[in-house]
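What follows is one structure encoded as structure tokens, with my remarks underneath.
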Amino acid sequence: MLAVAATLLFSSFDTSGDFLGDGHYVLPQTLSSLEQKSLDLRSLEVYNRSGKLELDVGFSSLQNALGSPLGFSTNYLDVFIKTSVGGQTRLGDTGFNTPTTSGWQWHLTITPFQTQLERQIKSENTPRNQATSGIKIRSEGSRMVIQTQIPAGKYGYWITSRIFDPLSEKGYAVPSSDPNPNRLYSPIADSPAVVDLMAGGNPATTYLERTLEPLGEVIDRRPLFLLILIGVSLLFTLIATVQIWIRKRS
């Protein structure tokens, strides 16, 4: 069976070795060096495959010490997708927000043993969980391939990486100011659990301001609609002016 060709819609790259949060995080020593590199986001490629959205997320490494059927076991990945204007500005429980003029409509949470999908409904203020039967995830070397049923298009993206911890209440490692070598350490209280991220803006100020700019492009048709509305209004004004001028001439 021949593979279905895919069209590249968007690509972006991230700096190598920047998986220590704001730069002062210390990763648990229980993770091997390759497992630590599994947290390092390196690239994002987005494809249109048969009209559906496919994401290819690259890492410095992708280890599977726990034997996950998906082929990775260190990562707790969040993918937020902006498909239209508006949307939810709080990026889940990552500790970050989108700019006030932006927001997401789809949120994928991917762990080694579970995938969850949320969708922001326009008529509702709270995202709703959706069935994930249409999502297929596989690992290829150091890349994670995510096939979705979301219609392909020019969208915006936020991607964050955390440490998967099946023994913790939240499912991921939470930073602590306790210098325990077996825990994720941060000298700043209430630091985000995100150790690496892919988003626009300056990473040096991101952890301070807790605001992530989106990657990619979203077509905002509101300016076009506004121009059309102004054009129609001017046309009606012109017609009314001409009719008045004709009546005065009669």
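The values are calculated or read from the model by the stated rules, or taken from the named source; none is laboratory data. Predicted model only: the values in this text are computed from it and were never measured. Note that we place each Cβ from the backbone using ideal geometry, even for glycine, and neighbour counts take in every protein chain shown.
Residue under question is Thr94, and the condition is that it be closer than 14 Å to Val79 by Cβ, out of contact with any Phe, Trp or Tyr (no Cβ under 7 Å at 6 or more places or on another chain), modelled with pLDDT of 95 or more and part of a loop (DSSP other than H, G, I, E, B); does it hold?
Answer is yes for this residue.
If a residue must be crowded, with 20+ Cβ neighbours inside 10 Å, small (Gly, Ala, Ser) and in contact with a Gly (Cβ under 8 Å, 6 or more places away or on another chain), how many such residues does region 21-72 contain?
0
How many of the residues in region 9-42 are in a strand (DSSP E or B) and either touching a His at 6+ places or on another chain (Cβ under 6 Å) or touching a residue at least 40 places away in the same chain (Cβ under 8 Å) (or both)?
Residues of region 9-42 in a strand (DSSP E or B): 9-13, 26, 41-42.
The next check asks that each one be either touching a His at 6+ places or on another chain (Cβ under 6 Å) or touching a residue at least 40 places away in the same chain (Cβ under 8 Å) (or both); those that pass are 9-10, 12, 26, 41-42.
Result for region 9-42: 6.
Inspect region 51-62 for any residue being over 21 Å from the mean Cα position of the chain (by Cα) and part of a loop (DSSP other than H, G, I, E, B) and give the result as yes or no.
So far as region 51-62 goes, no, none of its residues is over 21 Å from the mean Cα position of the chain (by Cα) and part of a loop (DSSP other than H, G, I, E, B).
Pairs only if they're at least six apart or on different chains, beta carbon under 6 angstrom, first in region 137-152 and touching a residue at least 12 places away in the same chain (Cβ under 8 Å) and surrounded by fewer than 18 Cβ atoms within 10 Å (Cβ to Cβ), second part of a strand (DSSP E or B) and among the hydrophobic types (A, V, I, L, M, F, W, C); list them, first residue then second.
Close Cβ pairs (under 6 Å, with a partner that is part of a strand (DSSP E or B) and among the hydrophobic types (A, V, I, L, M, F, W, C)) amount to Arg138/Val145.
With the requirement that a residue be basic (Lys, Arg) and either crowded, with 24+ Cβ neighbours inside 10 Å or at positive phi (or both), what does region 154-174 give you?
Of region 154-174, the ones basic (Lys, Arg) are 154, 162, 170.
Arg162, the sole residue that qualifies.
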